[in-house]
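The values are calculated or read from the model by the stated rules, or taken from the named source; none is laboratory data. What you see is a predicted model, and the numbers here were worked out from it, not measured in a lab. Neighbour counts run over all protein chains shown; Cβ positions are idealised from the backbone, glycine included.
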Amino acid sequence: MKIKFVHQYFHPEIVGAAVRLTELAVGLKEKSFDISVLTSFPKSSDKKIASNEIYNGVLIERTSKIWFDKKNRFGRIFNAINFFLVSFFKVWNTSKDTILFIGSDPPFLPFLGWLINKIRGQTYVVLVFDIYPELAVQLGYLKPNSWFVRFWNWLDRLSLSSAKAIVVPGKYMKGNLLKKIKDEGAHSKIWVIPTWENGDLVQPLDKKQNWFAKQYDLLTRTIVLYSGNMGLAHELVNLIEAAEFLKEHDDIFFLFIGDGGQKKQLVSLAEEKKLTNIRFLPYQPSQTMPYSCTSGDISVITLKPEAKGLCIPTKFQTALASGQAILAIVPKESEIADLLDEEDCGIFVEPGSPEKIAQSILMLHQNPALISTFRHKARKVFERKFTKKQAVESYAELFRTVLNRNAEIAYHLL
């Protein structure tokens with residue numbers, strides 16, 4: 001079976017979606033699927049990147065080298081449009097028996113599948129990590145009833161309705177997509193496949209054996225760790241405000257690792273408040289990640305109320321695999337809040353309550369036995385529900401199902 005991944009980010013990028021899709025592509029290749037990838041050139045790399053390369057048996061084809069700063073809104077828009085247009089002409093030459101597996105980055109990329117399907121009859125599957133334009137509307141970047149949002153929603157419904165299958169990482173996202181598509185047959189073709197982590201790479205590690213924790217003086221204090229994208233959908237200002245409540249507790253320290261749209265604001269806020277119990281570090285190289293993500297005691301997962309049911313933080317599975325006690329600053333009726341309630345591997349506080357967040361951190365700090373219990377349970381939950389092996393098998397089943405449906409349709413047309 002031939003499958004072509006189409007997504008703006010892939011190996012050697014170190015952002016979460018790129019890492020997960022690279023692992024998935026290699027995992028499916030190991031199951032004898034014929035996998036190829038169409039992606040962009042990485043924005044930065046310490047080595048020369050070829051237009052075409054083979055990575056662990058997967059053929060990677062890259063589009064334009066033109067890149068603008070993705071922290072700039074217009075830069076992101078240009079990068080997205082450029083990737084869409086170049087991908088259209090690249091995909092045009094794909095054999096018709098290849099299933100296109102199209103990600104939602106850039107958010108309007110699934111429309112590429114609809115175009116190729118209508119012109120050439122190509123089968124495509126859509127992976128939705130974030131539901132747009134609803135997420136942009138909820139975060140205040142687009143007006144809900146503007147012509148642009150209505151047009152985008154129309155394109156989205158076309159793209160999703162014609163897909164053979166749609167993958168989302170959570171049940172609340174599935175519910176929102178069903179409301180969006182308004183198609184009676186959509187329920188059966190939306191697959192909920194959670195995001196995963198590589199449990200062989202990321203494993204619990206005693207901080208005394210962790211060189212990263214030693215290097216950054218994280219051994220003798222309770223470390224509240226936020227690691228990953230500091231994007232606009234995450235409730236992070238509350239965490240800085242919680243750090244202010246705890247600034248007199250020298251044995252509690254906040255470590256932020258990563259980058260994103262909020263980082264500049266967060267750094268400025270911490271400086272304005274003169275907080276010495278916070279440190280910011282950039283994204284770490286892939287070889288450092290197993291050590292950086294296990295350098296904390298309490299791992300923080302955040303999501304703004306406006307983003308509920310529209311996206312799920314992928315760092316959650318990483319925190320579980322790392323064996324960290326989870327502190328989730330997330331809304332009720334979200335996948336993460338539900339799981340913490342079911343599995344008792346951490347606690348959650350609703351966004352908007354920095355004092356309650358601080359109280360929760362202090363409570364955990366004063367109860368090291370509870371932290372230890374949460375840490376142990378977190379890894380067990382990961383092993384039961386979120387391993388790479390489980391995810392790859394779920395995707396393999398999905399693509400086999402799509403192939404069988406195509407065969408049935410072809411048979412009835414004879």
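Collect the residues in region 194-218 that are surrounded by fewer than 18 Cβ atoms within 10 Å (Cβ to Cβ) and either under 30 Å from I166 (Cβ atoms) or small (G, A, S) (or both), keeping them in residue-number order.
D200, L201
Report, by residue number, each residue of region 234-248 that is surrounded by 21 or more Cβ atoms within 10 Å (Cβ to Cβ), among the aliphatic types (A, V, I, L, M) and under 11 Å from P351 (Cβ atoms).
L236, L239
For region 97-113, give me each residue that is among the aromatic types (F, W, Y) and crowded, with 22+ Cβ neighbours inside 10 Å.
Step one: filter region 97-113 for residues among the aromatic types (F, W, Y), giving 101, 108, 111.
Result: F101, single match.
So, in region 86-99, exactly how many residues are more than 17 Å from S51 (Cα to Cα) and either of a type in the set (K, R) or under 24 Å from the mean Cα position of the chain (by Cα) (or both)?
Residues meeting the conditions: 2.
Among residues belonging to region 341-358 that are in contact (Cβ under 8 Å) with a residue 24 or more places away in the chain and in a helix (DSSP H, G or I), point out the one that is farthest from L239 (Cα to Cα).
Filtering first and then ranking leaves E343.
So if I check each of A136, A186, A165, which one is crowded, with 16+ Cβ neighbours inside 10 Å, over 19 Å from D105 (Cβ atoms) and out of contact with any Ser or Thr (no Cβ under 6 Å at 6 or more places or on another chain)? Explain how you work it out, then say what you get.
Values: A136 fails: over 19 Å from D105 (Cβ atoms); A165 fails: over 19 Å from D105 (Cβ atoms).
Exactly one of A136, A186, A165 is crowded, with 16+ Cβ neighbours inside 10 Å, over 19 Å from D105 (Cβ atoms) and out of contact with any Ser or Thr (no Cβ under 6 Å at 6 or more places or on another chain), namely A186.
Answer yes if at least one residue in region 378-385 is assigned to a loop (DSSP other than H, G, I, E, B) and surrounded by fewer than 23 Cβ atoms within 10 Å (Cβ to Cβ), and no otherwise. First the steps, then the outcome.
Keep residues of region 378-385 that are assigned to a loop (DSSP other than H, G, I, E, B), which gives none.
No - not one qualifying residue is present in region 378-385.
So, in region 276-305, of the ones that are touching a strand residue (DSSP E or B) at 6+ places or on another chain (Cβ under 8 Å) and aliphatic (A, V, I, L, M), which residue ends up nearest to D206 (Cα to Cα)?
First, the residues of region 276-305 that are touching a strand residue (DSSP E or B) at 6+ places or on another chain (Cβ under 8 Å): 277-284, 292-293, 295-303.
In the following step, the residues that additionally are aliphatic (A, V, I, L, M) were identified as 278, 281, 298, 300-301, 303.
On the way: I278: 22, L281: 21, I298: 14, V300: 19, I301: 21, L303: 28 Å.
So, considering only residues that are touching a strand residue (DSSP E or B) at 6+ places or on another chain (Cβ under 8 Å) and aliphatic (A, V, I, L, M), the one nearest to D206 (Cα to Cα) is I298.
I'd like to check which strands (runs of 3 or more DSSP E) are fully inside region 156-253 and have at least 2 residues that are under 18 Å from the mean Cα position of the chain (by Cα), at pLDDT 95 or above and assigned by TED's automatic domain parsing to the domain that holds L100.
Values: elements: 165-168, 190-192, 222-227.
Hits in region 156-253: 165-168, 190-192.
Which of the residues belonging to region 184-205 are of a type in the set (S, T, N, Q) and more than 26 Å from R375 (Cα to Cα)? Before the answer, list the steps.
Taking region 184-205 first, the residues of a type in the set (S, T, N, Q) are 188, 195, 198, 203.
Within region 184-205, just S188 meets the criteria.
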